Structures are given as C-alpha cells and as structure tokens.
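To start, the structure under review is shown below, and the notes come after it.
The values are calculated or read from the model by the stated rules, or taken from the named source; none is laboratory data. Given the structure is predicted, the values throughout are model-derived calculations rather than measurements. Methodologically, a virtual Cβ is constructed for each residue, glycine included, from the backbone with ideal geometry; neighbour enumeration extends over all protein chains shown. Quick note on the areas: whole protein, heavy atoms, side chains included, nothing else; ligands and nucleic acids left out. Shrake-Rupley method; radii C 1.70, N 1.55, O 1.52, S 1.80 Å.
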Amino acid sequence: MHGADGGTAGTDHSGEGVWSRAWRTLRRNPVAIGGFVIVALFVLVAVLAPVLAPFGPSELPGRAEIRPTHIPGPSSDYLLGLDRYGGDVLSKLIWGARASLLVGILSTLFGLAGGMLLGLLAGWFGGWVDFAAMRLVDLMLSVPSLLLAVSIAAIAGQSQMSVIVAIGVVQVPIFARLLRGSMLSQRGQDYVLAASALGLTRRAVTMSHVLPNSVGPVIVQATLTLATAVIEAAALSFLGLGGGEPSTAEWGRMLTAAQQELAVAPRLAILPGVCIAITALGFTLVGESLREALDPRNRTRR
C-alpha cells in the first residue's frame with residue numbers, strides 16, 4: 001500500500017525503511033551512543049549481578065565491624081565500604097541495579113500494554129468508545145503521577161509487585177493518548193483510503209496498516225518512560241512502599257537508610273543517588289535521540 005507521499009507505508013522518499021534510516025542516524029549520533037553505552041552497562045550489571053557482586057543481596061558480612069558512631073569506609077575487603085547494617089555497599093549497588101531494572105521494565109510493559117489497549121479501542125471504534133476512553137484518561141491525568149502512584153502502592157500493600165502495578169497504572173494514560181492521536185492522524189492518509197477502497201475491512205485496515213504505522217511515537221515514549229520508572233521506583237521505595245527489610249538491596253531503600261547517616265557517611269546517600277541519576281540519564285538520551293531520528297522533519301533536512 002502507498003502512503004501519502006507516494007512511497008510505501010513505513011518508508012521515506014528514498015525507499016529506505018524508516019526504522020533502518022533511524023538506526024543509521026543513531027549510529028552517527030554521539031549523544032545516542034553515550035545513552036546506549038550507559039543503558040548497556042546498566043543492563044549488563046543487572047544481569048550479571050550474581051557474578052559481579054562480592055556478596056549476596058541479603059548478606060551482612062561486616063556486621064561485627066559496625067559501631068554506633070562509626071561506619072567503616074572503603075577498604076581492600078569492601079571497596080565502597082559498609083552500610084549501617086554491615087552490608088557491602090558495592091554488592092548492594094549491583095543487586096540494586098537488578099531490582100531497578102526489573103521494576104522499570106515490568107512497570108513500563110504493564111503501562112504500555114494497558115495504554116495501547118485503551119488507545120487502540122479509542123482509535124479503532126471512535127464515537128462513544130473514544131469519548132469514554134479519553135474521559136478516563138483525562139481523569140487519571142488530572143491527578144499528579146507520583147501522588148497517584150503512592151496511593152495505588154499504599155492500597156495494594158508494601159511489595160515490589162505493588163510498586164510495579166502503581167507505576168504501570170500511572171503510565172497507561174500517557175501511552176493511550178499518544179497511540180490514539182497517532183492512529184487518528186494515520187486514518188486520513190492516502191494508503192488507508194486506498195486500502196478501504198480495495199474492500200479491506202475496518203479491522204484489517206486498522207491492524208495491518210494503521211496500527212503498525214502508529215506505534216513509532218509510542219515506542220519512543222516507552223524508552224523515555226523507562227527513565228521515569230526507575231526514578232519513581234526509587235521514590236516509592238524511599239517512602240517505604242517497596243516492601244522488604246531496611247537493608248534490602250534497592251537504590252531507593254539505600255537512600256532511605258542513609259538519611260540518618262549523612263553526617264557519618266554521606267557516601268551512603270551519594271552513591272545510590274548517582275546510580276539513579278546516571279541510569280535515568282542513559283534512558284533519556286536514548287529516547288530523545290530516537291525521537292529525533294524518527295522525526296520526519298529531521299529526515300527531510302538530511
């Protein structure tokens with residue numbers, strides 16, 4: 001089928017696939033490369049945590065060395081020192097990367113699935129279905145995202161699963177509105193009118209042509225949302241809604257535990273805070289670079 005510009009849907013004027021050209025653009029973008037390197041290191045550390053971490057997530061190897069007014073710093077045995085409970089800080093940071101990755105990916109997938117379902121229904125049926133779906137989205141967006149996530153997590157109970165559900169629910173209206181708007185813009189394109197003129201059913205046109213050409217902005221947003229999910233997961237854990245013991249190997253929990261130790265060992269708050277900031281920066285750089293690479297206005301200027 002042919003798009004509005006006379007080319008095949010999903011390709012640009014040169015006949016090159018949009019995603020292929022975007023990937024070629026990303027490979028030449030130093031900002032995108034930097035983002036991919038940060039994300040790759042984060043994922044690698046999370047996946048290889050059992051190999052990289054000197055100690056397990058719940059081990060407290062230095063418990064006997066902790067004193068009320070003294071927390072041992074970096075040494076040959078503990079490269080980044082110990083925390084208040086006697087846990088190895090390096091091991092906690094490594095295992096914390098795995099916890100943050102798990103929450104970030106699962107919550108984003110949850111929000112993406114729910115948002116795409118809601119957006120697909122609104123964009124496909126239109127009419128009263130569209131109206132009802134968008135009013136639900138407006139209602140959810142009227143509540144500050146962090147407040148909504150805190151409320152859901154508090155109701156669902158203090159556990160990692162409640163954090164995943166809370167963050168995912170907050171993301172649903174973002175993906176729903178984005179997919180619905182993208183589908184509405186695609187429905188007026190020439191290739192959709194041509195497919196309908198050939199006798200294809202509304203379902204076939206939507207699922208085979210409109211939806212595949214509408215998911216680009218949603219994928220970009222999912223990449224950016226991963227950064228937000230990591231931050232919100234840390235925030236909910238910081239507020240004590242993530243479940244687990246105070247010594248749990250999770251970046252938000254580490255920040256919570258470090259509040260009372262700022263005068264004695266400020267590194268206990270600085271290190272997990274830096275990990276959260278760098279990880280969020282990596283996902284943001286990848287998402288923004290992908291958005292620029294897929295922007296038709298940028299493609300026409302190259």
**Request:** Can you give me the number of residues within the stretch 261-283 that are open to solvent by 40 Å² or more (accessible area, probe 1.4 Å) and either over 17 Å from Thr228 (Cα atoms) or touching a Gly at 6+ places or on another chain (Cβ under 9 Å) (or both)?
**Result:** 8
**Asked** List, please: which pairs have Cβ atoms under 7 Å, are six or more places apart or on different chains, and start with a residue in the stretch 107-133 that is without any contact (Cβ under 8 Å) to a residue 12 or more places away in the chain and end with one that is in a helix (DSSP H, G or I)?
**Response** Val129/Leu121; Val129/Ala122
**Request:** Report those helices (runs of 4 or more DSSP H) wholly inside the stretch 159-226 carrying at least 3 residues which are open to solvent by 10 Å² or more (accessible area, probe 1.4 Å) and modelled with pLDDT of 90 or more.
**Result:** 160-187
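Every residue, every condition in (1) open to solvent by 80 Å² or more (accessible area, probe 1.4 Å); (2) in a helix (DSSP H, G or I); (3) modelled with pLDDT under 90; (4) out of contact with any Ser or Thr (no Cβ under 9 Å at 6 or more places or on another chain), yes or no:
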| site | (1), (2), (3), (4) |
| --- | --- |
| His13 | yes, no, yes, no |
| Arg21 | no, yes, yes, no |
| Thr25 | no, yes, yes, no |
| Val43 | no, yes, no, yes |
| Ala46 | no, yes, no, no |
| Val51 | yes, yes, no, yes |
| Leu60 | no, no, yes, no |
| Gly73 | no, no, yes, yes |
| Gly111 | no, yes, no, no |
**Prompt:** Does the stretch 27-36 hold any residues that are in contact (Cβ under 8 Å) with a residue 12 or more places away in the chain and either over 30 Å from Ile219 (Cα atoms) or open to solvent by 40 Å² or more (accessible area, probe 1.4 Å) (or both), and which are they?
**Reply:** Val31, Phe36
**Message:** Among the numbered criteria (1) aliphatic (A, V, I, L, M); (2) part of a helix (DSSP H, G or I); (3) in contact with a Gly (Cβ under 8 Å, 6 or more places away or on another chain); (4) more than 21 Å from Leu146 (Cα to Cα), which one does Ala258 miss?
**Reply:** (3)
**Message:** Looking at the stretch 239-250, can you tell me whether even one residue there is modelled with pLDDT of 80 or more and part of a helix (DSSP H, G or I)?
**Reply:** no
**Asked** Among (1) at pLDDT below 90; (2) of a type outside the set (S, T, N, Q); (3) in contact with a helix residue (DSSP H, G or I) (Cβ under 7 Å, 6 or more places away or on another chain), where does Gly115 come up short?
**Response** (1)
**Message:** Tally up the residues in the stretch 75-97 that are more than 31 Å from the chain's Cα centre (by Cα) and open to solvent by 90 Å² or more (accessible area, probe 1.4 Å), please.
**Reply:** 2
